[in-house]
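The values are calculated or read from the model by the stated rules, or taken from the named source; none is laboratory data. As the structure is a computational prediction, the values presented were derived from the model and not from experiment. Note: ideal-geometry Cβ built from the backbone for every residue, glycine included; neighbour counts use all protein chains shown. Side chains are part of the model used for accessible areas, which takes the heavy atoms of the whole protein and leaves out ligands, DNA and RNA. Shrake-Rupley method; radii C 1.70, N 1.55, O 1.52, S 1.80 Å.
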Amino acid sequence: KILEDDLGLKLQNSLDAAVADGFLDKLNGKYQFCHDRVQETAYKMLSMEDRASRHSRYGLALCRYTLKNINDDAMLFTAVDQVNRGGPHIVSGSDHGSLLAYLNLRAGKKAMDMSDFASALAFFDHGILFLDENHWHDNYNLSLELFDNAVKCTYAIGDHQRLNKFSEQVLSFARSFNDKLTVIYHAVSALCDASSLDEAIEKGVWVLSMLGEDLFQPSSRSETLALIEKTRCLVQGYPEDLLLNYNLMTDSSKIMAMKFLSRLEISLVMGRRGVIPIVTSKMVELSLVHGLTPMSAIGFAYFGSMLASIGHVNEGYRYVKLAKDLVHRFSSKEVAGEVIAIATQTIGYVEPMQTTLEFHMQGHKTALEAGDIRSASLNFNLYCNYLFWCGGNMVNVKTKCEEACLFMKQHKMLAFLLNLRPFLSTIVKLIDKEETPSPFGFDGPVEDVLISSNPSAAMIFHFNKMYVSFMYRDYYGMASAAEEYFGYKLDVWTLLNIACVQTYISGLVSFWIYRQTSDCKWFERGNRSKAAMRHWAESSQWNFLQKYHLLEAEENFSNRQYEAARQSYHNAIQLSKNHKFLNDEALSCELAGYFFFEIGKKTEALEYFTRANSKYHEWGATAKATSVYECAEAIFKDSSICNRSSPQVGEHPKKRYGSGHPTVQYGDGQGEIAS
């Protein structure tokens, strides 16, 4: 009908004739070819020139309709697609080309709103093709908007090569520094994603300086804490309901500064953590002085996380909840993914961890819809970690972790992949010690170089080595990895779940090393971990009390306070069970088994090893369950453990994991002579 009215054609008569001849079907007033082969044959009967002419003619007629009916998105896509099939050679003048470029811009922006970034990029590509060779002079604003949006889409789909190509055009022809900021913003993001952290941070700091926002780093931790306290006092003067309804930011340079500050946050978490308090405080300060922007939600999320990291967990919890409320106020998908990621991590220090898992999957989905692949990757990474440390089924954890790694590889999220790969390796070793995880495009030397330039990834790499060695009772491998791990003096200004996990496991490791070496530094490290866990248990007994009691048990064991240790192990096991942390329950039973063996209580030791074996199987850590069986078998050669444990396993491999008999490694050797 639209084509008939615009072009003066009688199309319906011809279509009805084709229906009568059996070439077309008519259903509910709509025509379609009776078979794909018929459509293909009919199309091939037209010459290339005739095809282009018809596509263009019909497309332009539909375009004229869409200019009058701006809310008909489906017709806009159909019209622009037809014009694009006709190609740029149909352009009859610069004004005509500009109109077609503008229609492609409209279609591309609509596709972005629908989170279809690949289709949006195709529209922007065609729009650029319809521009004449002097477009940067004659159609500057249209050209800038097409290229800026093309850059956003290439970032969203992980095509960094084309991102650089489009960016070069803008950087060459933009008339002002401000007009270059969108492409610089995404270039900084791509550098961070590629784990080029120093370059990303330096470029971001340079842009902020150009925008009048210099970052001065305090010279000591005490100065940093003073800065945080100053910001804290400033914010405390604003009631939460006032902050939620605060006036909006209108200064365009401040708005752009907030975008770059927010982009720096994750880069700093992985690189220069000491700068995080300066960036976070700056975001909060700009929001209070100049008004709120959607990026303010990110600032308050990190601010709450920062307060929680220095001990003010409940206060930090209030600010991350405020950050989530600000996302709803602005209805901003652009910031929602990152706010959900950071806020959920702090929420996990107050609310049961198991209940927060769905938040990260929501954050992943929301970030994907906004083209924020970085926050989508961050949420996917954190979800996998939470699922593991909450005691989720190991096979499911492995599947999700592999999906996350593949997603990050496909979208060039190298920095996040570097953090997740060692974790996946840990999961695989606990399920099947002989399996080798997929490299996801890495080889050993490349990964080593990249890790060495990323302090956060390096720390996580050594932590995972330490954890696996600890779980398989490989004392020497664990001690070596622990030295490497503790060698990274990275401040924790953002309270992520990994901080709790690292504190917990490194504390257990420290007490074991202390019992082997009598080196007081290890006892002090273990004691600091216990103190941190006790503090966190004040805000969430559900998440942390069982971990505190297990650290307490290991401390009492180290101090030879055996009755106190016995009670602490019991508390840790019971609370782990009550709070549904299957992994903690299995580990607590295992460590209790070693404790009772060392003090000569073989019957009780056997009981706890049997329970540990059962719980590891229930968790899905099959290889770990087998190693517990083998260790117990080595200790109790004459016992009936073979008949009492590991019912899920048909055969028990003779090869022993780790570095040998546990009594050679653990305690003072009393277990070897105990009856």
Exercise. If Tyr349 passes every condition in (1) at pLDDT 90 or above; (2) of a type outside the set (S, T, N, Q); (3) in a loop (DSSP other than H, G, I, E, B); (4) open to solvent by 10 Å² or more (accessible area, probe 1.4 Å) but one, which one does it miss?
Worked result: (4)
Problem set entry | Selection count, the stretch 287-310, where residues are assigned to a helix (DSSP H, G or I), under 18 Å from Thr346 (Cβ atoms) and open to solvent by 10 Å² or more (accessible area, probe 1.4 Å) | 1
For this session: Return the pairs, sorted by first residue and then second, in which the second residue is modelled with pLDDT of 90 or more and of a type in the set (Phe, Trp, Tyr), the first residue lies in the stretch 594-607 and is closer than 13 Å to Val628 by Cβ, the beta carbons are less than 8 Å apart, and the residues are 6+ apart or on different chains.
Result: Ala605/Tyr594; Ala605/Phe595; Ala605/Phe596; Ala605/Phe597
Exercise. Given the structure, is Arg644 basic (Lys, Arg), modelled with pLDDT under 90 and either within 30 Å of Ser518 (Cα to Cα) or in contact with a strand residue (DSSP E or B) (Cβ under 9 Å, 6 or more places away or on another chain) (or both)?
Worked result: no
Exercise. Taking the stated definitions as given, is Glu369 in contact with a Lys or Arg (Cβ under 7 Å, 6 or more places away or on another chain) and either assigned to a helix (DSSP H, G or I) or under 27 Å from His579 (Cα atoms) (or both)?
Worked result: yes
For this session: Could you tell me whether Ile201 is β-branched (Val, Ile, Thr) and open to solvent by 20 Å² or more (accessible area, probe 1.4 Å)?
Result: no
For this session: Working only within the stretch 19-40, note down all residues that are more than 23 Å from Met75 (Cβ to Cβ), at pLDDT below 75 and surrounded by 13 or more Cβ atoms within 10 Å (Cβ to Cβ).
Result: Val38
Problem set entry | Residues that are hydrophobic (A, V, I, L, M, F, W, C) and either in contact with a helix residue (DSSP H, G or I) (Cβ under 9 Å, 6 or more places away or on another chain) or surrounded by 13 or more Cβ atoms within 10 Å (Cβ to Cβ) (or both), drawn from the stretch 227-240 | Leu227, Ile228, Leu234, Val235
For this session: Identify the single condition in (1) loosely packed, with under 13 Cβ neighbours inside 10 Å; (2) at pLDDT 75 or above that Met112 does not satisfy, given that it satisfies every other one.
Result: (1)
Problem set entry | Residue that is most open to solvent (accessible area, probe 1.4 Å), among those in the stretch 246-276 that are in contact (Cβ under 8 Å) with a residue 60 or more places away in the chain and not in a helix (DSSP H, G or I) | Arg272
Seminar exercise, completed: Only one of (1) at pLDDT 90 or above; (2) open to solvent by 60 Å² or more (accessible area, probe 1.4 Å); (3) touching a His at 6+ places or on another chain (Cβ under 8 Å) does not apply to Val151, and that is (2)
For this session: With respect to Phe216, determine if the residue is of a type outside the set (A, V, I, L, M), surrounded by fewer than 21 Cβ atoms within 10 Å (Cβ to Cβ) and either at positive phi or in contact (Cβ under 8 Å) with a residue 12 or more places away in the chain (or both).
Result: yes
Exercise. If you check Thr66 against the conditions, is it modelled with pLDDT of 75 or more and either under 27 Å from Asn134 (Cβ atoms) or in a helix (DSSP H, G or I) (or both)?
Worked result: no
Problem set entry | One residue from Leu99, Leu103 being part of a helix (DSSP H, G or I) and crowded, with 23+ Cβ neighbours inside 10 Å | Leu103
Exercise. Which is of a type in the set (Val, Ile, Thr), modelled with pLDDT of 95 or more and either over 23 Å from Asn543 (Cα atoms) or surrounded by fewer than 24 Cβ atoms within 10 Å (Cβ to Cβ) (or both), of Val335, Val284, Val313?
Worked result: Val284
Seminar exercise, completed: Exception for Asn71 within (1) open to solvent by 60 Å² or more (accessible area, probe 1.4 Å); (2) at pLDDT 70 or above; (3) not in a helix (DSSP H, G or I) falls at (2)
Exercise. Taking the stretch 131-147 as the region of interest, how many residues are out of contact with any Gly (no Cβ under 7 Å at 6 or more places or on another chain) and buried (at least 22 other Cβ atoms within 10 Å of the Cβ)?
Worked result: 2
Seminar exercise, completed: Only one of Ala553, Ala482 is under 30 Å from Val269 (Cβ atoms), small (Gly, Ala, Ser) and open to solvent by less than 10 Å² (accessible area, probe 1.4 Å), namely Ala482
Seminar exercise, completed: Among the residues of the stretch 514-543, the number that are open to solvent by less than 30 Å² (accessible area, probe 1.4 Å) and of a type in the set (Asp, Glu) is 0
Problem set entry | Residue that is most open to solvent (accessible area, probe 1.4 Å) [pool: residues in the stretch 156-169 that are closer than 27 Å to Met408 by Cβ and touching a Phe, Trp or Tyr at 6+ places or on another chain (Cβ under 9 Å)] | Ile157
Seminar exercise, completed: Of the residues in the stretch 600-617, those that are surrounded by fewer than 24 Cβ atoms within 10 Å (Cβ to Cβ), of a type in the set (D, E, K, R) and part of a helix (DSSP H, G or I) come to Lys602, Glu604, Glu607, Arg611
